[in-house]
Amino acid sequence: MTPLSLSEFAARVHAGDLSIVEHTHAILDEAEETNEQFHHFVKIDRAGALAQAEVLDARLKKGESLGVLAGVPVSVKDAICVRGVESRAGSAILNGYVPPFDATSVARIRAAGGIVIGKTSQDEFGFGTFGLNTGIGFETPKNPLDDSRVCGGSSAGCGGFTALTKHTHVSLAESTGGSISAPAAFCGVAGLTPTYGRVSRYGLMDYASSLDKIGAMGKTVDDAACLLEVVSGHDPRESTSADRPVDFFTSTPSAKPLRAGLVMDFFGAGIAPEIEKAVRRSVSRLEKKGVEFSEVHLPKNRRFGVAAYYVTAMAEASTNLAKFAGMRYGATLPLSGSYNSFFSRVREAHFGFEAKRRVLLGTFVRMAGYRDAFYLKALKARTVLQNEFRQAFGGSDVLVHPAMPVLPPRVDEAKNLSPVEEYAMDLCTVPANFSGLPHASVPLRTTAGLPAGLGLTADVWNERHVIRLAKLAEERS
Ligand code: GLN
């Protein structure tokens, strides 16, 4: 049975037909019972969640209105700080770090009546596509539709638990290069990634600061869009957060037919036939609903997107991780030797393999002598790739493409891929992220019985187009 939508849930709560405390107990029990097998959570905050539920129930009894997330349980990616709850971005180097503050997005969830139930599993600092690069000592999150398969990463637990739960729930996720769309596609849920700057990054542990975007996942597009609107908007604490009106979910959509561009470069070689079929089926259904389609070409994004993104992302990651050295946050070791050897020992002992690879490669591409050939070239490529998108938006409101090129792989299959093969899986998700564009993955059924994701990308600040098309494309059971 599909759980109540966020709006139905809030209406029932306000009408006094639904006890927030009972619902919170039920979802916490489910999360604890299923975590042994699926590992979607790295921390379940039973005491904190129940305390929030009691406060909300008491406020309700006094006749207060609680907001659009009245009593809704929200799971939060581990990289987003939650006050009083250990937050580690999936890394052992942050073992024991308990933030004394809430990220702005988390504070906004609480202000709208949402309840934080726990922190979800992820690839260490977001470094991955399958959820398999979890930090030292962390378990591997599993796909709830088939536990021999991956959830997708890096927001693996967000996608996994959103698909698994029988209760009303939404998840606060984050994407640098595809980390919301990948798990949404693999787990069969809706994932929304906003324009860069739409949601404050205050309290988000950085992967790559010019790329990181907090977004939302839900069983339906409406649920994810509602959460995204709650957390969006200017934050004086975060200099890249934009001061623009936020009404992409609540405003009435325009009556003009949507113009969609089918991205021809994201079909054919490298895309699984079942996925191509599912996307084409969805396109014909959308055409019947009045969406006008044309063909669009993004050859430069296809050819250079992944390479330019990884150079940029690793360069930024290597500087962002420099602060984790056993002095200020999280894990440490007994002080001995020179500072440099102490820092190296702490990092050697606590960073996982992929994090080390990225620190080394990221440092290399920024080094004098190599910077012009790699890092600066990637920056120039970024402008070229953004311009290619800009041209495509001349004739289309939304671009349509597969979200992921393959169905959710089995854990052993994904583990056998080389790093370059893994990075190549981001073919269709990296371009929108690299250019800072709002995008979605909407679940599609496939003949293989496993879900695929329909990728939708719009120009900056046009979340409303993405959401409108996503709702038309959604296959409701
Ligand atoms: N797979 C990409 C990477 O590893 C994107 C992950 C993300 O968005 N955090 O960088």
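Do we find a residue being closer than 20 Å to residue 56 by Cβ, of a type in the set (A, V, I, L, M) and in contact with a Lys or Arg (Cβ under 7 Å, 6 or more places away or on another chain) anywhere in the stretch 85-96?
Checked against the condition, which is being closer than 20 Å to residue 56 by Cβ, of a type in the set (A, V, I, L, M) and in contact with a Lys or Arg (Cβ under 7 Å, 6 or more places away or on another chain), the stretch 85-96 yields at least one hit.
Report, by residue number, each residue of the stretch 231-275 that is polar (S, T, N, Q) and assigned to a loop (DSSP other than H, G, I, E, B).
Answer for the stretch 231-275, where residues must be polar (S, T, N, Q) and assigned to a loop (DSSP other than H, G, I, E, B): 239, 240, 241, 250, 251, 252, 254.
I'm trying to understand the selection: among the residues of the stretch 108-158, which are in a helix (DSSP H, G or I) and within 12 Å of the ligand (Cβ to nearest atom)?
124, 125, 126, 156, 158
Within the stretch 282-323, can you find the residues that are in contact (Cβ under 8 Å) with a residue 24 or more places away in the chain, of a type outside the set (Gly, Ala, Ser) and more than 30 Å from residue 380 (Cβ to Cβ)?
283, 285, 286, 289, 291, 292, 293
With the condition kept exactly as written, say whether any residue in the stretch 37-46 is at pLDDT below 95 and more than 17 Å from residue 160 (Cβ to Cβ).
Checked the stretch 37-46: no residue is at pLDDT below 95 and more than 17 Å from residue 160 (Cβ to Cβ).
Taking helices (runs of 4 or more DSSP H) that do not extend beyond the stretch 301-404, which have at least 1 residues that are at pLDDT below 95?
Fully inside the stretch 301-404 and qualifying: 339-350.
Just to be sure before I move on: is residue 348 in contact with a helix residue (DSSP H, G or I) (Cβ under 9 Å, 6 or more places away or on another chain) and away from the ligand (no atom under 16 Å from the Cβ) in the structure I sent?
yes
Determine if the stretch 73-89 includes at least one residue that is at positive phi and within 16 Å of the ligand (Cβ to nearest atom).
Looking through the stretch 73-89, at least one residue is at positive phi and within 16 Å of the ligand (Cβ to nearest atom).
Does the stretch 324-345 contain at least one residue that is under 19 Å from residue 211 (Cα atoms) and either touching a residue at least 40 places away in the same chain (Cβ under 8 Å) or within 16 Å of the ligand (Cβ to nearest atom) (or both)?
Scanning the stretch 324-345, I find no residue that is under 19 Å from residue 211 (Cα atoms) and either touching a residue at least 40 places away in the same chain (Cβ under 8 Å) or within 16 Å of the ligand (Cβ to nearest atom) (or both), so the answer is no.
Output the qualifying pairs, or none if there are none: Cβ atoms under 8 angstrom, residues six or more apart or on different chains, first residue in the stretch 128-151 and in contact (Cβ under 8 Å) with a residue 12 or more places away in the chain and within 24 Å of residue 448 (Cα to Cα), second residue surrounded by fewer than 17 Cβ atoms within 10 Å (Cβ to Cβ) and hydrophobic (A, V, I, L, M, F, W, C).
none
How many residues does the stretch 175-202 contain that are in contact with a Ser or Thr (Cβ under 6 Å, 6 or more places away or on another chain) and either closer than 19 Å to residue 82 by Cα or of a type in the set (Ser, Thr, Tyr) (or both)?
7
In the stretch 415-460, how many residues are part of a helix (DSSP H, G or I) and surrounded by fewer than 24 Cβ atoms within 10 Å (Cβ to Cβ)?
So the count comes out to 7.
Scanning for something of a type in the set (Gly, Ala, Ser), in contact (Cβ under 8 Å) with a residue 60 or more places away in the chain, away from the ligand (no atom under 15 Å from the Cβ) and within 30 Å of residue 226 (Cα to Cα), does the stretch 423-433 turn up at least one residue?
no
May I ask you to verify whether residue 251 is surrounded by fewer than 23 Cβ atoms within 10 Å (Cβ to Cβ), within 16 Å of the ligand (Cβ to nearest atom) and either within 29 Å of residue 317 (Cβ to Cβ) or touching a residue at least 12 places away in the same chain (Cβ under 8 Å) (or both)?
No, not satisfied.
I'd like to verify a number: residues in the stretch 168-209 that are within 13 Å of the ligand (Cβ to nearest atom), assigned to a loop (DSSP other than H, G, I, E, B) and either farther than 18 Å from residue 90 by Cβ or not charged (D, E, K, R) (or both), how many?
Summing the residues that are within 13 Å of the ligand (Cβ to nearest atom), assigned to a loop (DSSP other than H, G, I, E, B) and either farther than 18 Å from residue 90 by Cβ or not charged (D, E, K, R) (or both) in the stretch 168-209 gives 10.
The values are calculated or read from the model by the stated rules, or taken from the named source; none is laboratory data. As the structure is a prediction and not an experimental result, all values here were calculated from the model. Glycine also receives a Cβ, built like all others from the backbone with ideal geometry; neighbour counts cover every protein chain displayed.
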